[in-house]
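Before any comments, here is the structure.
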Amino acid sequence: MKERSENITSKVPAVIALALILLLWWGLCASGMIPSYMLPSPADVVRAFIGDFPNLMYHAKTSLQEAAYGLVIGIGLAFVIATVMDRFRWLDQALSPILVITQTIPTIAIAPLLVLWMGFGMAPKITLVVITTFFPIAVGLLEGYRSVDPDEISLMRAMGADRYQIFRFVKFPSALPHFFSGLKISASYAVVGAVISEWLGGFEGLGVYMTRVKKAYAFDRMFAVIILIVIISLLLMALVDLIRTVSMPWTEVKAEHRNERT
Amino acid sequence: MEALSTQHITKSFSGRVIIEDISIRLMENELVSLLGVSGSGKTTLFNVISGILQPDSGQVLLRGEDVTGHPGKISYMLQKDLLLEHMKVIDNVSLPLRLNGISKKEARMRTGPLFEEFGLKGTQELYPAAMSGGMRQRAALLRTYLGSQGGVALLDEPFSALDTITKGQIHTWYLDIMEKIDLSTIFITHDIDEAILLSNRIYIMTGAPGQIKDEIVIDRPRNDRKEFNLTEEFLSCKRKVLKTLEGK
Ligand SMILES: Nc1ncnc2c1ncn2[C@@H]1O[C@H](COP(=O)(O)OP(=O)(O)OP(=O)(O)O)[C@@H](O)[C@H]1O
Ligand SMILES: [Mg+2]
């Protein structure tokens, strides 16, 4: 109970800061310093959000699907590559630089190429999401595998464990916290990645919708889309946190224990 | 009968000899302690005996069979308790069974009844983070015992996390347990009283490079050691040990 109230108090500054920004935004619009067709007021945006809601949901569904498929494939790929790289040192040395290089390629630059290669359907969008989400997860896993206490491996070996058992009982569980840190970052990239690739062509999705309302100079609806993307990304990150807590119940105990001691 | 012996074991790290020409033996049902100052190479010797470290030369024999560099045959409790934080205590403790292909459920069923005997009643479903240092060590001890189908256990400072009062109780309890489970054990300690109180024999190790300096036999039967530490016999043993440690 005490912990919960602490949690709430720690969020107070963030809520105040957010409220101040909204107030500033509203003030700027109300004062008439910025014409409303350039910067719609918060009230306009809320109105657009509500009025456009069915449309927004329709397009959000597509973007979310692309993000989810991309994320799942990204996780799978990251798991395989990181695990194999950890197992074989030479592969690690061979692939590490390439992985880093792929991360310096600007997303926005390869998106059109992907569209040219794969057409206007979901494939290029999913691919882009895979490319952007794969890296943080792979890095997280690799770091996690390496964070293992070597004495724990000694213990497992002394008990006669084989390589797979060492992986299953020691390496993988110690990598989980790092994996989830990576996954959280990736989850926030996933929707944005899908939207960016939709800008460059497609029939539905929040990115497509965004280009449409932009052409119509409907800035209030444009803002509504942006806010929806933010909300979805935040929800995804919260979902990752939830899965993390559920799948790692022991970290809960640790935190409680620490609180009791202090 | 000889349970375990080492033959002329030498091990060096990057050119520095850590332990040199170590030959010790352990009889069935015997409790032998390895006493020596910090850094004399006691843990290194255990790593070699357990098979997780390959010696430069020498052999480890388990009932005559050469097990040098073959881990998994001798039960080993490492210097740290090394309970895996992500598993409940009962799963930690029953890990040796599961590594041998026994299912989680079956392993839990076999392990559960031993908790009380090891002073761990009611901790089955806890995570290690919620246990005190002494409880953790007992859990590690139980895990070591469950992995000891080979009948030989190595314990690296098993009681170091305990205060003197608890230690006294644990020693009595431990002697009882040892009596029951027929386990031949070598254990490392810094504590001279503990070594004399618990063991049949004491190997004294001196450092740089680590060598066995002397072997002291404690004649009094292990089940007759109540208030042993108040006797003249105990003191004379202790004097002998101290002399050897000081290198006289
Ligand atoms: N993997 C290793 N690589 C290099 N040096 C090592 C390694 N393991 C141990 N040593 C060295 O070997 C020496 C003996 O270490 P060891 O841990 O065996 O001592 P110990 O007798 O167990 O000491 P303590 O009582 O403090 O546990 C130390 O000087 C240590 O630095
Ligand atoms: Mg040691």
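The values are calculated or read from the model by the stated rules, or taken from the named source; none is laboratory data. Worth saying up front: this structure is predicted, and the values here are computed from it rather than measured. Every residue, glycine as well, gets a Cβ built from its backbone with ideal geometry; the counts of neighbours run over all protein chains shown. Heavy atoms of the whole protein, side chains included, go into the accessibility calculation; ligands, DNA and RNA do not. Shrake-Rupley method; radii C 1.70, N 1.55, O 1.52, S 1.80 Å.
Some observations on this one:
- Distant-in-sequence amide H partners of B:Met77 (H built 1.01 Å from N, under 5 Å): B:Leu154, B:Leu155, B:Asp156
- Here the calculated FRET efficiency for A:Tyr164 and B:Ser103, from their Cβ-Cβ distance with R0 = 22 Å, stands at 0.85, rounded to the nearest 0.05.
- Top positive-direction residue, dipole computed over the protein assembly as shown with Cβ charges, set A:Ala60, A:Phe79, A:Ile166: A:Ala60
- Given charges at Cβ of Lys, Arg, Asp, Glu: the protein assembly as shown dipole, positive-most of B:Thr111, B:Ile218, B:Val17: B:Thr111
- Gyration tensor (alpha-carbon) shape descriptor, the protein assembly as shown, a/c threshold 1.5: prolate
- C-alpha center-to-center spacing [the stretch A:73-129, the stretch B:103-157] in angstrom: 45 Å
- Rh by Kirkwood over Cα pairs, then Stokes-Einstein D for chain A at 1.306 mPa s and 10 °C, µm²/s: 74 µm²/s
- For the residue pairs B:Lys105/B:Lys180; A:Lys171/B:Lys121; B:Lys11/B:Lys42; B:Lys167/B:Lys243, the C-alpha atoms sit more than 22 angstrom apart in B:Lys105/B:Lys180; A:Lys171/B:Lys121; B:Lys167/B:Lys243.
- For the pair B:Asp163 and B:Met27, a Förster radius of 25 Å applied to the C-beta separation gives a FRET efficiency near 0.20, rounded to the nearest 0.05.
- Rounded, prolate or oblate (a/c below 1.5 giving rounded, otherwise prolate when a/b exceeds b/c) for chain B by Cα gyration tensor: oblate
- Largest mean-square fluctuation among A:Met156, A:Met122, A:Met210, in a Gaussian network model of chain A whose springs join Cα atoms under 10 Å apart, belongs to A:Met156.
- For chain B, leaving out every one of the GluC sites (Glu not before Pro) that falls in a DSSP loop and has at most 12 other Cβ atoms within 10 Å, the longest unbroken run is B:1-124.
- To the nearest 10, the accessible area of B:His171 is 20 Å² with a 1.4 Å probe.
- Ranking B:Leu84, B:Leu245 from most to least accessible surface, computed with a 1.4 Å probe over the protein chains only, gives B:Leu245, B:Leu84.
- Accessible area (Å², per residue) of the stretch B:82-147, counting only protein heavy atoms and a probe of 1.4 Å: 38 Å²
- Prolate/oblate/rounded label for the stretch B:82-147 (Cα gyration tensor, a/c 1.5): prolate
- 5 angstrom amide H check on B:Asp214, placed H, neighbours 5+ away: B:Ile204
- Between amide H atoms placed 1.01 Å from N, distances below 5 Å from B:Ile22 occur with B:His8, B:Ile9, B:Thr10, all of them 5 or more places distant or on a separate chain.
- Span-rule helices in chain A, defined as complete DSSP H runs reaching 30 Å or more along the axis (Cα) with Kyte mean at least -0.5: A:2-31, A:53-87, A:123-146, A:172-199, A:219-247
- Taking every C-alpha pair closer than 8 Å and separated by at least 6 residues, the mean separation divided by the residue count of chain B gives a relative contact order of 26 percent.
- Hypothetical label at B:Thr231: residues of the stretch B:186-200 whose amide nitrogen lies under 12 Å (7 Å Cα-Cβ projection): B:197
- Distance between the modelled labels on A:Lys61 and A:Ser10, one decimal in nanometres: 3.9 nm (7 Å Cα→Cβ projection).
- Residue order by solvent-accessible surface for A:Val139, A:Val45 is A:Val139, A:Val45, largest first, with ligands and nucleic acids left out and a 1.4 Å probe.
- The interface between chain A and chain B buries about 2100 Å² of solvent-accessible area in total (1.4 Å probe, ligands and nucleic acids excluded).
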